[in-house]
Amino acid sequence: MQKLSIRALATVAMIAATAFPARPGSAKPAESRPLVRVESGTLAGAVDQGVLVFRGIPYAAPPIARLRWRAPAPALRWKGVRDASRYGAACPQPSDHKEAWARVGPTSEDCLFLNVWRPAHTGKYPVMVFLHGGGFTYGAAGVPLYDGAKLARRGVVIVSLNYRLGKLGFFAHPALTREDPSGLLGNYGVMDQIAALRWVRRNIALFGGDPGDVTLFGESAGAGVVQTLMGSPEAKGLFQKAISESGAGGSVLAPIRNAPVSAEVQGEHWAESLGLKDATVDQLRALPVEKTIGRAFPFIDGRVIVASPGTPFLRKSEAKIPLMIGANSNEATLAGNNETLARMVLGARYDALAQAYLAARPGATLEAAKTDLAEDTLSILPSMSIAVMHAANGVPAYSFYFTQVPANRRAGSAGVPHGGELEYLFGNPDEGSSWDDADRKVSRTMGDLWVRFARTGNPSLPGMTWPATGPAGLPHYLILGTPTRAATLTPLEEDVRKASLAASAARWALEP
């Protein structure tokens, strides 16, 4: 008997749905729903807003019990048809935020799920994989804000995913090192993201996606990981384009060990605070999940994360793929974008630059000028520096600055807060937002730009040229708002950009 190709099997599964039994508890009988057979079993999805969606797909084994604080293991196989109409559980996290990005629903340590939206028509589509933000402590792929249906309708396959957060996702301890000294250690949340990208490479053709045409895009913490993975040997070849939204382009990561402030030292202190001096791996894995919830961050482990996000760009060793990167007009909503840290970065030049910012803003107060200087120094311009370095390395780079504020929030607004662009990108207004025609236009334009970039590596649209960020002269960028227009950094902004980059580069130079 002649064997069918994987793509043909997927088509048969989608059409001949009655060949599979319904799973108990399904929202609708499986025979009336789209089916796809992936490597672990058969999925019954749903039809939503004119696209096919498959939610709650396990891409790795549950990271529980003996698999806690280990690299992700292959997903378990299942029999019959798995209901993929509902999101899987979010990863454990604090419950003290109520914003749109934090409405994650039920949580569980068994949380390594991803979601796929695809156009209803058969085809071979570019793939866009989204990494959510939340400071490596909050967030999930299944919040309503990140529903990918509207983007998928433009002719792309959208994938979103959960990854381990807090101490479950980012934790090092000598006991874990002794257990597997040559293994993958510490940055388990980033290992999850890489495992999901590998799952995409193996399975996305079954959903009509092109595994050789993947765009990785992320916001905040997810944006920082996009930059990090562009320099990670473990992620090489897993994506062909990258988009970073409000990532920390100038950040400096601690090492896993051999330093006064290292991940293992911090891990030992944390375990001791719980009464576990000289903890064993069994004691650590027996901790209640509630004890692991809280702030945690990536660090340099030498295998998965080999450098701070900006270091590979400075050393010309980053993935040579098209990059789109930018930030919002009020990144000062991040607590870290403050005068104290800006003074540390700019040093003796801070006061003079603050006065120059005040002079460039007629009618502004000194405090407002300092706020602008802080967010430029610590967030907005470091993203621009990533683009400038990437362009200097001979690769296309495009910078943006997002300015659109929802109609009901414009009066007295200081600009778009951190993460405020996401409702426009996904086309899903926050329940507290009221949009007018200008908002809807910006949302359409933004979605078109992002999808155009995913298709071609150049986000320019017919009648709208997005100038590349050049390696020389004053950097170009796109102001995305009302109106959307091309712009160039002022000499003062370029001065601050270079000063901020010099401070980061001096610390990156100390990394191995």
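The helices (runs of 4 or more DSSP H) found wholly in the stretch 358-434 and carrying at least 2 residues that are more than 25 Å from Gly222 (Cβ to Cβ) and in contact (Cβ under 8 Å) with a residue 24 or more places away in the chain occupy 366-375.
From the list Ala248, Ala172, Ala195, which residue is in a loop (DSSP other than H, G, I, E, B), touching a residue at least 12 places away in the same chain (Cβ under 8 Å) and over 19 Å from His390 (Cβ atoms)? Write out each step before concluding.
Numbers: Ala248 fails: over 19 Å from His390 (Cβ atoms); Ala195 fails: in a loop (DSSP other than H, G, I, E, B).
From the options Ala248, Ala172, Ala195, the qualifying one is Ala172.
Take Arg343 and decide whether it is in a loop (DSSP other than H, G, I, E, B), within 27 Å of Gly419 (Cβ to Cβ) and among the basic types (Lys, Arg).
no
Looking across the stretch 322-357, the residues that are in contact (Cβ under 8 Å) with a residue 60 or more places away in the chain and of a type in the set (S, T, N, Q) come down to Asn328, Ser329, Asn330, Thr333.
Scanning the stretch 90-110 for residues that are in contact with a helix residue (DSSP H, G or I) (Cβ under 9 Å, 6 or more places away or on another chain) and small (Gly, Ala, Ser) gives Ser95, Ala100, Ser108.
Does Trp78 count as closer than 19 Å to Asn203 by Cβ, assigned to a loop (DSSP other than H, G, I, E, B) and among the aromatic types (Phe, Trp, Tyr)? Yes, satisfied. Scan the stretch 198-211 and give yes if some residue there is assigned to a loop (DSSP other than H, G, I, E, B), over 20 Å from the mean Cα position of the chain (by Cα) and farther than 27 Å from Arg295 by Cβ, otherwise no. Yes: one or more hits. Considering Thr228, Thr177, the condition of being outside any loop (DSSP other than H, G, I, E, B) and more than 30 Å from Phe400 (Cα to Cα) is satisfied by Thr177 alone.
Taken over the stretch 309-340, the criterion of being at pLDDT 95 or above, part of a loop (DSSP other than H, G, I, E, B) and open to solvent by less than 40 Å² (accessible area, probe 1.4 Å) is satisfied by Pro309, Gly310, Glu318, Ala319, Ile321, Pro322, Ser329. Taking the criterion of being of a type in the set (A, V, I, L, M, F, W, C) and surrounded by fewer than 18 Cβ atoms within 10 Å (Cβ to Cβ), the residues of the stretch 77-131 that qualify are Trp78, Ala120. Within the option set Gly432, Gly419, being open to solvent by 10 Å² or more (accessible area, probe 1.4 Å) and under 21 Å from the mean Cα position of the chain (by Cα) holds for one residue only, Gly419. Summed over the stretch 361-395, residues that are basic (Lys, Arg) and surrounded by fewer than 19 Cβ atoms within 10 Å (Cβ to Cβ) total 1. Look at the stretch 277-291: where a residue is open to solvent by 100 Å² or more (accessible area, probe 1.4 Å) and a partner is not charged (D, E, K, R) and not in a loop (DSSP other than H, G, I, E, B), sitting 6+ places away or on another chain with Cβ atoms under 8 Å, you get Lys277/Ala271.
The values are calculated or read from the model by the stated rules, or taken from the named source; none is laboratory data. Computed from a predicted structure; not experimentally measured. Every residue, glycine as well, gets a Cβ built from its backbone with ideal geometry; the counts of neighbours run over all protein chains shown. Note: accessible area is taken over every heavy atom of the protein model, side chains too, but ligands, DNA and RNA are not part of it. Shrake-Rupley method; radii C 1.70, N 1.55, O 1.52, S 1.80 Å.
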